[in-house]
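> Submitted below is the structure of interest, expressed as structure tokens.
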Amino acid sequence: MAVTVKEWGTTEDGRQAFLYELSDKSDKSGIRVRLTNYGASIVGIDAPDKNGVYADVVLGYDNLNDYVNGTVYHGATVGRFANRIANGSFSLNGKTYDLPKNNGGNCLHGGSGFTYKLWETAETGENSVTFTYTSEDGEDGFPGKLDVSVQYLLTDDCKLNIRYTLKASADTVAGLTNHAYFNLGGKGDTVMDTLLKVYAKHYTPCDDTGIPTGELADVSGSKFDFRTERTISEEYDDNFVLGDEVSQDLRLAAEAYDGDSGRSLKVFTTMPALQFYTGNYLDETKKNGVTYGKHSGFALEAQFTPNTPNLINETDKFPSCVVRAGETKYYEIVYQLGVK
């Protein structure tokens, strides 16, 4: 294993962003991962196809400036709360907190959020990089200071482990995810022919703004039933329920497969839900000379169910995202690339 680092540009306030590459130098079938401390983001993942030919299977940009100005969260760590919070507000301990409304009347991905922040690089290991960020009390309207670390760890079985640690100074709500868009063909064309399997019996019906109605619906007989592998075929921006609690152990949430290249992706997580999004508004992405459009990538975002801060009294269906004062929470997401 090896980690290399280089300067990647400066932000408007003159601070330095870096680009890190994690690679398995001992195995020609391994993967190479590029990361940046801007947004604690995945910039690229090079993975071999069935013939050993490498391609970048994650959408994104070629330079820091495009990440600073981008609007679709490419590969980013999103928070303080990933996905939507209804009407840009929630109540905790009898007090209502108002948040930015950046998605119609709702708050999406925490408002200005963690995506557009320059994180500190706390540590680099033989095969890992750890980024840290302190979200101050009141940032984007959220209560309590929240200390966050995100460790990216590459293992020799082509797994990229993403480990989140959250510690709060006062009661707050928090739930992070990674927002990588995958295209396993590595060509920039549509992902609609990608085969997908999602290990979920239920999904959450939503209103026309993406806010769950509070119902847990059975996937049986619906377009949301991916328990048997099938092509994506149509647009999605929907939440699947993986379990009724945050798991102590990793569980397999989803698998994807591109028949032409033979590349596969498995997603494991301890999180209770998974947002499946088919890049319905992609129209700005240009990377490696390839311009991406609508449906050029899919995201499998392990997370809490959208609007969980307003579902605190329904923990039998939707696990709590509350982090209590002095409490430390741990979550994990794993992307495993392979060939079959």
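The values are calculated or read from the model by the stated rules, or taken from the named source; none is laboratory data. Given the structure is predicted, the values throughout are model-derived calculations rather than measurements. We place every Cβ from the backbone using ideal geometry, glycine too, and count neighbours over all the protein chains shown.
> I need the full set of residues from segment 30-78 which are under 21 Å from residue 159 (Cβ atoms), touching a residue at least 60 places away in the same chain (Cβ under 8 Å) and polar (S, T, N, Q), in order please.
Within segment 30-78, 41, 77 meet the criteria.
> Can you go through 189, 225, 193 and tell me which one is part of a loop (DSSP other than H, G, I, E, B), surrounded by fewer than 18 Cβ atoms within 10 Å (Cβ to Cβ) and free of Cβ contacts under 8 Å to residues at least 40 places away in the same chain?
From the options 189, 225, 193, the qualifying one is 225.
> Could you please give the count of residues in segment 105-126 that are modelled with pLDDT under 95 and farther than 22 Å from residue 14 by Cβ?
Total meeting the criteria: 4.
One line per residue, one yes/no per condition, for (1) of a type in the set (Ser, Thr, Tyr); (2) touching a helix residue (DSSP H, G or I) at 6+ places or on another chain (Cβ under 9 Å); (3) outside any loop (DSSP other than H, G, I, E, B); (4) crowded, with 24+ Cβ neighbours inside 10 Å:
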position: 279; (1), (2), (3), (4): no, no, no, yes
position: 305; (1), (2), (3), (4): yes, no, no, yes
position: 312; (1), (2), (3), (4): no, no, no, no
position: 320; (1), (2), (3), (4): yes, yes, no, no
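> In the set 60, 30, 88, which member is in contact with an Asp or Glu (Cβ under 7 Å, 6 or more places away or on another chain), within 24 Å of residue 288 (Cβ to Cβ) and among the small types (Gly, Ala, Ser)?
30
> Just the residues that are small (Gly, Ala, Ser) and under 22 Å from residue 134 (Cβ atoms), please, taken from segment 35-78.
39, 40, 41, 75, 76
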